[in-house]
Amino acid sequence: MTKHRKHTLRGSTEDREAASHIPDTPQTRSPAYALAFADDAFMCREELRPMRLQLELLKPELGLDEEGVKSTVVMFGGARIVEPSKKAEARTKTLADLSVFYDEAREFARLMTLKGSDGENMIVTGGGPGVMEAGNRGALDAGGRSIGLNIVLPFEQAPNEYVTPELCYNFHYFAIRKMHFLMRAKAITVFPGGFGTLDELFEALTLIQTGRMERVPFLLFGRAFWEKIINWDALADAGTIAADDLDLFRFVDTAAEAVELIETWDGAGEKRGTIPGR
């Protein structure tokens, strides 16, 4: 979306275009001559990291505002979880069994998209395969748009085909990507996954636990999975978290359960003033 210019001075886009048609001379071929904002080598200098961090925060923020995105429903989950029709391709039996959550993620996204309107409660995923694909696919099933926040990885990765193209972003900095996941979040759902999913789960929970973020519906899909890999009660018994912290989230197994809990969640929008157990 192009905004109306607020001044009559020549624009940077015009000058960048003009600079691409200058005579080819030793002077114009010199890196020193390149426009600073159009100079990739300059923009990637170590000294410009603060600027790149700022730009990576700003570009999606402006884009999401211009596309009318007001609030989101976050879907975290594993990239290795395949749809049930492909579970024979899963690397382990457990991954094959977890394929049921591909369908639950897809159905959850479909239901939430049907309930959303005017830019509210839009599905946002990491834009990749597995649970992320299921989330974007479910939103499309409902005829809606959805967001994909991709990250550059050492191995080849492309956004899944169900992300709305104008809402598909790519990040270098994990930290800035995480901010965009949570800045508009009105609900957070976490499906079975690995290190990345655990990282996202605990960072978001910590922000709510410490009062740095408002309470929102926080749902963990797959009670058996989560109780097997994390001994939640042991954390409370040890005193490293408070017993009340276990009330910050709920377990669900189906999309229908999740939607009902989101609609009846108690305490949403509140921030903790104190941390129990401190």
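Relative contact order, percent, of region 122-183 when contacts are C-alpha pairs under 8 Å separated by at least 6 residues? Normalised by residue count, the contact order of region 122-183 is 33 percent.
Considering only S20, S85, S117, give the residue with the highest GNM mean-square fluctuation for the chain, with springs between Cα atoms whenever their separation is below 10 Å. Comparing S20, S85, S117 in a Gaussian network model of the chain, the most mobile one is S20.
Across the chain, the mean sequence separation of Cα contacts (distance under 8 Å, 6 or more residues apart), normalised by length, yields a relative contact order of 17 percent.
A Förster radius of 45 Å combined with the Cβ-Cβ distance from T25 to L58 puts the calculated FRET efficiency at roughly 0.80.
Any idea what the dipole of region 34-98 comes to, in debye rounded to 20, about its Cα centre with Lys/Arg Cβ at +1 and Asp/Glu Cβ at -1? If you can, show how the numbers build up before the last one.
Values: 10 positive and 12 negative charges, 109 e Å.
That gives region 34-98 a dipole magnitude of about 520 debye.
For T164, T264, which order do you get if you count the other beta carbons within 10 Å of each Cβ and list the fewest first?
If I rank by nearby Cβ atoms, fewest first, I get T264, T164.
Here region 139-227 is assigned +1 on the Cβ of each Lys and Arg and -1 on the Cβ of each Asp and Glu. Its dipole about the Cα centre then comes out at about 360 debye. Which of the three applies to region 1-76, rounded, prolate or oblate, going by the alpha-carbon gyration tensor with a ≥ b ≥ c and a/c under 1.5 meaning rounded? The shape class here is oblate. With both labels modelled 7 Å from their Cα along Cα-to-Cβ, the A18 to K93 distance reads 7.1 nm. The GluC sites (Glu not before Pro) of region 1-94 include none that DSSP puts in a loop with a beta carbon having at most 11 other beta carbons within 10 Å. Excluding same-chain neighbours fewer than eight residues apart, the lysines reachable from K115 by a Cα-Cα span under 21 Å are K70, K186. So what's the gap between the Cα centers of region 1-80 and region 203-278, to the nearest angstrom? First find each Cα centre; the distance between them is then 39 Å.
Once you've got the Cα coordinates, tell me which of K178/K228; K93/K228; K59/K178 are over 19 Å apart.
Listed pairs above 19 Å: K178/K228.
Laboratory data are not the source of any read-out in this text; all were calculated from the coordinates shown. Note that this is a predicted model, so its numbers are computed, not measured. Cβ: placed from backbone, ideal geometry, glycine included. Neighbour counts: every protein chain shown.
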